[in-house]
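Take this structure, written in structure tokens, and hold onto it; I'll ask about it next.
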Amino acid sequence: MLREQFTAELKTAMKAGEKRRVDTIRMITAALKDKDIEARGSGKEVTEEDVLALLQKLVKSRQESMAIYEANGRPELAQQEREEIAVIATFLPQPLSEAETAEAIKAAIAQTGAASIKDMGKVVAALKAAHAGRIDFGKVSGLVKAALAG
């Protein structure tokens, strides 16, 4: 489970004196605790898929910050964001290639019996269930729409 992996990696990074890695893993665990508190309020439990979604959200936020820093001439801060992305990425599963994504979309369309763009939600839900954390759903929605439009 990812929670145990965070703890083990934190200990290893602390022993090795990797300050950026330690800080990033602590940031991940703090965000995860916030997610736990939020879930407790609604009576739900945080799943592995929720943790993967959280990690993807953290990466996306770092990418946005990095772009802003680069646009405003702050390369040292952009580099810090880049390093944090690299650490977070070590906990994410390997993303699907473009060919694998196309195959996954075809399989999801066949599985759901989708025939038109109206069925796009079913296809995306099937993809999320089968490939959580491995597909960028911001890009996939356009591909699914194109496949259904046909």
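Looking at (1) farther than 29 Å from T7 by Cβ; (2) out of contact with any helix residue (DSSP H, G or I) (no Cβ under 7 Å at 6 or more places or on another chain); (3) aliphatic (A, V, I, L, M), can you tell me which one I37 breaks?
Exception for I37: condition (1).
I would also like to ask the following. Can you name the residue in the stretch 68-88 that is part of a helix (DSSP H, G or I) and out of contact with any helix residue (DSSP H, G or I) (no Cβ under 7 Å at 6 or more places or on another chain) and, of all such residues, is surrounded by the most Cβ atoms within 10 Å (Cβ to Cβ)? Spell out the reasoning first.
We begin by selecting, within the stretch 68-88, every residue part of a helix (DSSP H, G or I); these are 68-71, 75-88.
Subsequent filtering for residues that are out of contact with any helix residue (DSSP H, G or I) (no Cβ under 7 Å at 6 or more places or on another chain) retains 68, 71, 75-76, 79-80, 86.
Working: I68: 13, A71: 9, P75: 11, E76: 7, Q79: 14, Q80: 18, A86: 14.
Per the criteria, the residue is Q80.
State the number of residues belonging to the stretch 71-97 that are of a type outside the set (K, R) and either within 19 Å of R21 (Cβ to Cβ) or in contact with a Leu (Cβ under 9 Å, 6 or more places away or on another chain) (or both). Steps first, please.
Residues of the stretch 71-97 of a type outside the set (K, R): 71-73, 75-81, 83-97.
Applying the additional criterion that residues be either within 19 Å of R21 (Cβ to Cβ) or in contact with a Leu (Cβ under 9 Å, 6 or more places away or on another chain) (or both) yields 76-81, 83-93.
Total meeting the criteria: 17.
Moving on to the next point. Please enumerate the residues belonging to the stretch 101-110 that are surrounded by 14 or more Cβ atoms within 10 Å (Cβ to Cβ) and not aliphatic (A, V, I, L, M).
T101
Considering (1) at pLDDT below 95; (2) outside any helix (DSSP H, G or I), say which one R40 fails and leave the rest.
Failed condition: (2).
Give me a count of the residues in the stretch 27-57 that are among the hydroxyl-bearing types (S, T, Y) and either in contact (Cβ under 8 Å) with a residue 24 or more places away in the chain or surrounded by 11 or more Cβ atoms within 10 Å (Cβ to Cβ) (or both). I'd like the intermediate steps shown before the answer.
Applying the first criterion (among the hydroxyl-bearing types (S, T, Y)) to the stretch 27-57 yields 29, 42, 47.
Adding the requirement that they be either in contact (Cβ under 8 Å) with a residue 24 or more places away in the chain or surrounded by 11 or more Cβ atoms within 10 Å (Cβ to Cβ) (or both) leaves 29, 47.
Adding up the residues that qualify gives 2.
Go through the residues of the stretch 117-139 one by one and say whether even a single one is of a type in the set (F, W, Y) and either loosely packed, with under 14 Cβ neighbours inside 10 Å or touching an Asp or Glu at 6+ places or on another chain (Cβ under 9 Å) (or both).
No, the stretch 117-139 has no match at all.
Related question: For the stretch 2-13, check the following and say yes or no: at least one residue is acidic (D, E), over 15 Å from A89 (Cα atoms), assigned to a helix (DSSP H, G or I) and under 20 Å from the mean Cα position of the chain (by Cα). Walk me through it before giving the result.
Let us first name the residues in the stretch 2-13 that are acidic (D, E), namely 4, 9.
Imposing the further condition that a residue be over 15 Å from A89 (Cα atoms) reduces the set to 4.
When the remaining residues are screened for being assigned to a helix (DSSP H, G or I), the result is 4.
Add one more test, that the residue is under 20 Å from the mean Cα position of the chain (by Cα), and what stays is 4.
Among the residues of the stretch 2-13, at least one is acidic (D, E), over 15 Å from A89 (Cα atoms), assigned to a helix (DSSP H, G or I) and under 20 Å from the mean Cα position of the chain (by Cα), which makes the answer yes.
Which one of these does T24 not meet: (1) touching an Asp or Glu at 6+ places or on another chain (Cβ under 9 Å); (2) surrounded by fewer than 11 Cβ atoms within 10 Å (Cβ to Cβ); (3) among the hydroxyl-bearing types (S, T, Y)?
Only one criterion is unmet by T24, namely (2).
The values are calculated or read from the model by the stated rules, or taken from the named source; none is laboratory data. As the structure is a prediction and not an experimental result, all values here were calculated from the model. Virtual Cβ from ideal backbone geometry, glycine too; neighbours counted across all protein chains shown.
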